[in-house]
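The values are calculated or read from the model by the stated rules, or taken from the named source; none is laboratory data. Everything numeric here is computed off the predicted structure, so don't read it as measured data. Counting neighbours? That spans all protein chains shown, and the Cβs are built from the backbone with ideal geometry, glycine included. Each accessible area value is taken on the protein alone, full model and side chains, heavy atoms only, with ligands, DNA and RNA left out. Shrake-Rupley method; radii C 1.70, N 1.55, O 1.52, S 1.80 Å.
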Amino acid sequence: MRQKVLVVLLTLALVLVLAPLGLADNDTLIIGSGAEAPGLDPRVEVDIPAFERINLILEPLIVFNTQMELEARLAVDWELTNDNYTITFWLREGVTWHDGEPFTAEDVKYTFEWVLDPDSDAANASLYADIEEIEIEDDHTVHFHLSSPNVFLLNNMARMNITPAHAGNREDFRQNPVGTGPYMLDNWVRDDRMELVAFNDYWGGEPNIPNVVFRTIPENPTRLLAFEAGEIDVYQGGVVPREIERLEADPNLIVQRTPSTGYAYLGMNTLSEPLNDVRVRHALSHAINREGIVQRVLNGIGTTGVGPVPAALPWYNDDVPRYDYDIERARELLDEAGLLGQDITLDLYTNENLERIRIAEILQFEAARVGIDINVHIEEWGAFLDRILGSEDYDLYILGWSGQLDPDRAMYRQFHTEGSFNDTYISDPRLDELLEKGLTVPPDSQESIEIYREAQEIVVELAPYGFINFQEEVGLVHPYIEGYEVHPYPANSWQNAHLFTKNK
Amino acid sequence: MLKQLVKNKGALIGLVLIIILILVAIFAEFLVPHDPYDMDIWISYEAPGWFAEDSRYILGTDDMGRCVLSRIIMGSRVSLMVAGMATFAALFFGVGLGAIGGYMGGKMDALIMRFMDLILSIPAILLAIAIVATLGPGVVNAMIAIAIVRIPQMARVTRSMVLGIKEEDYIQAGKALGFSHFRILFKHILMNCFAPIIVVATLGMGTAIVVEASLSFLGLGAQPPIISWGRMLAMGREAIRSAPHLTLYPGLAIVFTVLGFNLLGDGLRDIFDPQLKQR
Amino acid sequence: MFKFTVRRMLQLVPVIVGISILVFLLVHLAPGDPIRLLLGEEATPEDYERLQRIYGFDRPLYVQYFSWAGNAIRGDFGVSIRQGVPVTALIYSRLPATMELAFFSVLFAVTFGVPLGVLAAIKRGSPIDLSSMVLALLGVSMPGFWLGLVLLTYVALNVGWLPMFGRGGSVFYGIGQLFTTFSTEALFDGFRYILLPALSIGTAMMAIITRLTRSSLLEIMGKDYIRTARAKGLGERVVVFKHGLRNALLPVVTIVGIQFGVMLGGAVITETVFAWPGVGRLIVNAISQRDFPIIQAGVLMLAVIFTLVNLIVDLSYALLNPRIRYD
């Protein structure tokens, strides 16, 4: 009996040792991702993991390249006419859907009308609310007539992948979409892997790597381990900041970094006492140890926060008031407000994001030195979002914005009195006026730049947000992959995956 | 009993571990080498002192430059308090429900036990997560959740003991003498169930500590600045390669605490178990 | 026995109804709702109200419950709010991964736990007993997710052939391949992936089994019939293995059954650490996303499996020990 067990064990051990250790496969690109996509219908998805995948299968008319400039995709050209009341797209010819049907202006009209239909469950209808009518001139020319000028609408349209009129209403479209993109969905095991295969009739030519696999790995450290072990070829987002120096020194892999389109901030509810006093908000802003956060929590990834517009955009205003980390100054401001030495207790909310929790803890510690007690509440994402969007029951919150592609996106919703995400309840007539005017002025004009520079000054002076840090996108790639370039907006990271090559 | 405890090596080790731990928790303020809340972000992730000559921190510093050793010492309070209160609450309700069910029998018994089955059939950690999600994260709510998921076991043990004892002659005699149900149940029956319940409670302490750590690991337990070992693990896990001391030491603290309770519980069971006693 | 089985099956009904109400209340009373998550950060209040209407969340709670329950009775557990997929499909696709992980965790636990327990019992009071007990207790004292992290960092990274995450092919599929095509590749692949997760989860259970085997065997060895066997002059090995262990393993079977049920949903954090696509992770994600249909159906399914496993354990009890009869 004992011998038998031994034989079985030895055989098993032998099998384990001799089995092939997984062959290098140059025909498959393996991409790591931090979360699963809920679905693949661009009209209803809202999160980055979904668009990471969608952008390989379906394409927008225009896309942002890694320099954050608009680039032609399904459109070959576009133009704003009629005093910015009309946007015209000339569409690419010879494009076919994965099922062989030709791509035409009908599809474009269908997609946007679907989104604008009040009975659809489209998620971001408000982004396209200014579209009044969509007019098809011919199969490859389409005009969007707007109810009011919105020179930044193009940026929103760059995020809407076109869906097919002939298949977009299929019940399983969200699980099994038909697109024009370089890859088609082949197999999807949720929370584990999504397998894509090349679409050989792709208008841009046959993809270099025939298969793409997305692997979902929720834990940041596990994802990094998997990358270093060579189990995934490339990933972007959620790189553990702590490891960045070691990774950058490692010659066997490549770290790519670029300023992102996002930032983290401390939101202050200007309706609540004593945050309705701008001096208290300034005091809190002075208590944010930005340098320490960027250098130590983020390990040098990113830069200290200044205002709502990312530094990479031409509208960025560097010449705004700064609230340097200065506990003494914070105490003085509190004193001026007549609040020094009084019991001030504020409730701060954030979600389970580790970086935000760390920032909350640091802020809690620093604010105590100024004489402000902060109760930190870490809530689940859903509960947190519900609190911030659905109630006024909070004093402070830590959150971030991503995809701040233009000054309108970066300011109107957040700081206009009627803004849909004005959750600090800030209201300033001059600011409202500027933000409305900005929509009617050509974005590349000096006037536009001036309008938004002034708006930034007002926002920073009013301090509804304590700007913490501008973020940076970090991508990790093995040297045997060529063609990957880190994208400032992670949803677009893989839009050129068909041009990558793999030589392992 | 104390003599037997000393003779049982496992139980003794467990008892010593727990006593040390309780002393640490009580005198935490005096034992910490540094202020556990004091952060200096510029010295974060410092390696433990015995690896780096110049470090003032024996177990290094955490992600915000706070002394890991001091935080582990201070964290013993939350672990013990949450587990202790939760276990006590579970004991209170579990023993009560189990005793009533076992003593009364019939419909009441069936009702109580069905409800206990119901709770028991949902995986404990999932139920705890759902409860905390509903009540909102925090130490107190985590405690409530742990207590609720621990009740059925206590109830079951108590019930089976009560069922065994209530037919004994001396209980029947008490009934004949006209003692009130309350007096019989609490004075005579429960006093005799004491031993196994203590065993279950001791072992339950270990489980409660692990559940607390799990909830805190998920961010549903203690909120900053309250120090919890589970939260230390959660915050440190990202740096497990470059700064393993953030994950390793709080983890070991949990392991040894739970070990203490398990050793003691096991030892007590050996001591109380009359069948084992004879040999 | 048949009557007993039927009665137990009937007892399932109130449990299912009770759990469905309990879970429904828990998740619906929780702050936060799935519409917010569906819409993301850029939605307007109008968008929010529109979707609330579409999904029927503007109705009173009891109406929502009965409409859910009515569909559930007909086998329709609804569609995931966030993913738009029937929840039964989502759960079934996760079930094999979870079952397999639970199976191998149990296998690991039994393979090591029982011999260790027997050894400790035979050598009671010796250093072997103490050290195996300390080992077992160390195992049960370790949070599985922590062990998982430690194993990943210190074992997987150094060994080289152990994967860092995810699930390979099924081990059972691998065994099939071994016998049909004589290829070991699939088997090896399955084993590689399941080894560390099963170890992380199985360690605590191994500890429980070790302790139980020990105490149970000690108890049996004190019984009269063992003394009789000894008195008859049977060798110690025969007494222990033939008479003692067979009876001592009865409670172990119970625990294995219960633990198998617990593991189906209890390994959620470990599943996350290893990116294992299991049911537990599905439900925990659903809880944080307030995806009600998944939570409802998922918890119900786990509870039913748990109850059924218990029933099977009770029945097998009767088979193993003819003295126990259910009627």
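May I ask you to verify whether B:Leu246 is within 11 Å of chain A (Cβ to nearest Cβ), in a loop (DSSP other than H, G, I, E, B) and either at pLDDT 90 or above or under 20 Å from A:Gln364 (Cβ atoms) (or both)? Spell out how you get there, then give the answer.
Values: within 11 Å of chain A (Cβ to nearest Cβ): yes; in a loop (DSSP other than H, G, I, E, B): no; either at pLDDT 90 or above or under 20 Å from A:Gln364 (Cβ atoms) (or both): yes.
When the stated conditions are applied, B:Leu246 does not pass them.
Inside the stretch B:224-240, residues that are open to solvent by less than 10 Å² (accessible area, probe 1.4 Å), of a type in the set (A, V, I, L, M, F, W, C), under 21 Å from A:Asn220 (Cα atoms) and more than 8 Å from chain A (Cβ to nearest Cβ) make up a count of 2. Restricted to the stretch A:240-260, and to residues that are among the hydrophobic types (A, V, I, L, M, F, W, C) and in contact with a helix residue (DSSP H, G or I) (Cβ under 7 Å, 6 or more places away or on another chain), which residue is surrounded by the most Cβ atoms within 10 Å (Cβ to Cβ)? This residue is A:Val240.
Screening the candidates B:Gly221, B:Gly260, B:Gly251 for the property of being modelled with pLDDT under 90, open to solvent by less than 10 Å² (accessible area, probe 1.4 Å) and not aliphatic (A, V, I, L, M) yields one hit, B:Gly221. Restricting attention to the stretch A:287-302, does a residue exist that is out of contact with any Phe, Trp or Tyr (no Cβ under 7 Å at 6 or more places or on another chain), among the hydrophobic types (A, V, I, L, M, F, W, C), farther than 15 Å from A:Gly400 by Cβ and away from chain B (no Cβ under 14 Å)? No, every residue in the stretch A:287-302 fails to be out of contact with any Phe, Trp or Tyr (no Cβ under 7 Å at 6 or more places or on another chain), among the hydrophobic types (A, V, I, L, M, F, W, C), farther than 15 Å from A:Gly400 by Cβ and away from chain B (no Cβ under 14 Å). Pick from the stretch A:214-239 the residues that are more than 11 Å from chain C (Cβ to nearest Cβ) and among the aliphatic types (A, V, I, L, M): which of them is farthest from the chain's Cα centre (by Cα)? If we take residues in the stretch A:214-239 being more than 11 Å from chain C (Cβ to nearest Cβ) and among the aliphatic types (A, V, I, L, M), then A:Val234 is farthest from the chain's Cα centre (by Cα). Scanning the stretch C:142-150 for any residue that is open to solvent by 20 Å² or more (accessible area, probe 1.4 Å) and either more than 9 Å from every other protein chain (Cβ to nearest Cβ) or of a type in the set (Lys, Arg) (or both) turns up nothing. Report, by residue number, each residue of the stretch C:117-128 that is surrounded by fewer than 23 Cβ atoms within 10 Å (Cβ to Cβ), touching a residue at least 40 places away in the same chain (Cβ under 8 Å) and either in a helix (DSSP H, G or I) or in contact with an Asp or Glu (Cβ under 6 Å, 6 or more places away or on another chain) (or both). Across the stretch C:117-128, the qualifying residues are C:Val118, C:Ile122.
Please name all residue pairs, on different chains or six or more residues apart, with Cβ atoms under 7 Å, provided the first residue is in the stretch B:69-90 and is under 12 Å from B:Pro36 (Cα atoms) and the second residue is acidic (Asp, Glu) and surrounded by 23 or more Cβ atoms within 10 Å (Cβ to Cβ). That search, which allows pairs on different chains as well, returns B:Arg71/B:Asp62.
Considering the stretch A:110-140, and only residues there that are assigned to a strand (DSSP E or B) and loosely packed, with under 14 Cβ neighbours inside 10 Å, the residue that is nearest to the other protein chains (Cβ to nearest Cβ) turns out to be A:Glu132.
Against the test of being touching a Lys or Arg at 6+ places or on another chain (Cβ under 7 Å), of a type in the set (Phe, Trp, Tyr) and at pLDDT below 95, the options A:Phe470, A:Phe421 yield a single qualifying residue, A:Phe421.
Open to solvent by 50 Å² or more (accessible area, probe 1.4 Å), within 11 Å of chain A (Cβ to nearest Cβ) and among the hydroxyl-bearing types (Ser, Thr, Tyr): does that describe C:Tyr55? Please lay out each step first, then the result.
On the way: open to solvent by 50 Å² or more (accessible area, probe 1.4 Å): yes; within 11 Å of chain A (Cβ to nearest Cβ): yes; among the hydroxyl-bearing types (Ser, Thr, Tyr): yes.
The answer is yes for C:Tyr55.
Checking the stretch C:77-90 against the condition returns a match, with at least one residue being open to solvent by less than 40 Å² (accessible area, probe 1.4 Å), within 11 Å of another protein chain (Cβ to nearest Cβ), in a helix (DSSP H, G or I) and at pLDDT 85 or above. Give me a count of the residues in the stretch C:6-20 that are more than 10 Å from chain B (Cβ to nearest Cβ) and either touching a residue at least 24 places away in the same chain (Cβ under 8 Å) or acidic (Asp, Glu) (or both). Of the residues in that region, 3 qualify. The criterion of at least 3 residues that are open to solvent by less than 50 Å² (accessible area, probe 1.4 Å) and more than 30 Å from C:Val6 (Cβ to Cβ) is met, among helices (runs of 4 or more DSSP H) falling completely within the stretch C:214-327, by C:268-273, C:279-289, C:292-320.
Evaluated against (1) more than 11 Å from every other protein chain (Cβ to nearest Cβ); (2) buried (at least 19 other Cβ atoms within 10 Å of the Cβ), C:Phe165 falls short on exactly one condition, (1).
C:Gly40 - would you say it is within 11 Å of chain A (Cβ to nearest Cβ) and either open to solvent by 50 Å² or more (accessible area, probe 1.4 Å) or not in a helix (DSSP H, G or I) (or both)?
Details: within 11 Å of chain A (Cβ to nearest Cβ): yes; either open to solvent by 50 Å² or more (accessible area, probe 1.4 Å) or not in a helix (DSSP H, G or I) (or both): no.
So C:Gly40 fails the test.
Please go through the stretch A:488-504 and pick out each residue that is part of a loop (DSSP other than H, G, I, E, B) and open to solvent by less than 20 Å² (accessible area, probe 1.4 Å).
A:Pro488, A:Ser493, A:Trp494, A:Gln495, A:Phe500
Filtered by the rule that a residue be open to solvent by 10 Å² or more (accessible area, probe 1.4 Å) and either more than 23 Å from B:Val78 (Cα to Cα) or within 11 Å of chain C (Cβ to nearest Cβ) (or both), the stretch B:137-147 gives a lone residue, B:Pro137.
Listed residues C:Val313, C:Val238, C:Val273, C:Val262; which is at pLDDT 80 or above and either within 14 Å of another protein chain (Cβ to nearest Cβ) or within 28 Å of C:Val118 (Cα to Cα) (or both)? Please lay out each step first, then the result.
On the way: C:Val313 fails: at pLDDT 80 or above; C:Val238 fails: at pLDDT 80 or above; C:Val262 fails: at pLDDT 80 or above.
Just a single option satisfies the conditions, and that option is C:Val273.
Among the candidates A:Glu457, A:Glu472, A:Glu461, single out the residue that is part of a strand (DSSP E or B) and either open to solvent by less than 10 Å² (accessible area, probe 1.4 Å) or touching a Pro at 6+ places or on another chain (Cβ under 9 Å) (or both). Walk me through it before giving the result.
On the way: A:Glu457 fails: part of a strand (DSSP E or B); A:Glu461 fails: part of a strand (DSSP E or B).
From the options A:Glu457, A:Glu472, A:Glu461, the qualifying one is A:Glu472.
Scanning the stretch A:158-206 for residues that are surrounded by 18 or more Cβ atoms within 10 Å (Cβ to Cβ), more than 30 Å from C:Ile91 (Cβ to Cβ) and not basic (Lys, Arg) yields a count of 11.
It is to be established whether one or more residues within the stretch B:203-210 are out of contact with any Pro (no Cβ under 6 Å at 6 or more places or on another chain), open to solvent by less than 10 Å² (accessible area, probe 1.4 Å) and within 11 Å of chain C (Cβ to nearest Cβ).
Applying the first criterion (out of contact with any Pro (no Cβ under 6 Å at 6 or more places or on another chain)) to the stretch B:203-210 yields B:203-209.
Within this subset, residues satisfying the condition of being open to solvent by less than 10 Å² (accessible area, probe 1.4 Å) are B:204, B:206, B:208-209.
Cutting the leftovers down to within 11 Å of chain C (Cβ to nearest Cβ) gives us B:206, B:209.
The answer is yes; a qualifying residue exists.
Annotation: A:Leu333 fulfils all but one of (1) surrounded by fewer than 23 Cβ atoms within 10 Å (Cβ to Cβ); (2) away from chain C (no Cβ under 14 Å); (3) of a type in the set (A, V, I, L, M, F, W, C); the unmet one is (1).
Residues checked against (1) out of contact with any Lys or Arg (no Cβ under 8 Å at 6 or more places or on another chain); (2) open to solvent by 30 Å² or more (accessible area, probe 1.4 Å):
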position: A:Glu352; (1), (2): yes, yes
position: A:Gln364; (1), (2): yes, no
position: A:Ala367; (1), (2): yes, no
position: A:Glu379; (1), (2): no, no
position: A:Ser391; (1), (2): yes, yes
position: A:Tyr394; (1), (2): no, no
position: A:Leu405; (1), (2): yes, no
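Restricting the first member to the stretch C:295-319 and to residues that are closer than 16 Å to C:Val268 by Cα, and the second to residues that are among the aromatic types (Phe, Trp, Tyr) and open to solvent by 30 Å² or more (accessible area, probe 1.4 Å), no beta-carbon pair is closer than 6 Å while six or more apart or on different chains.
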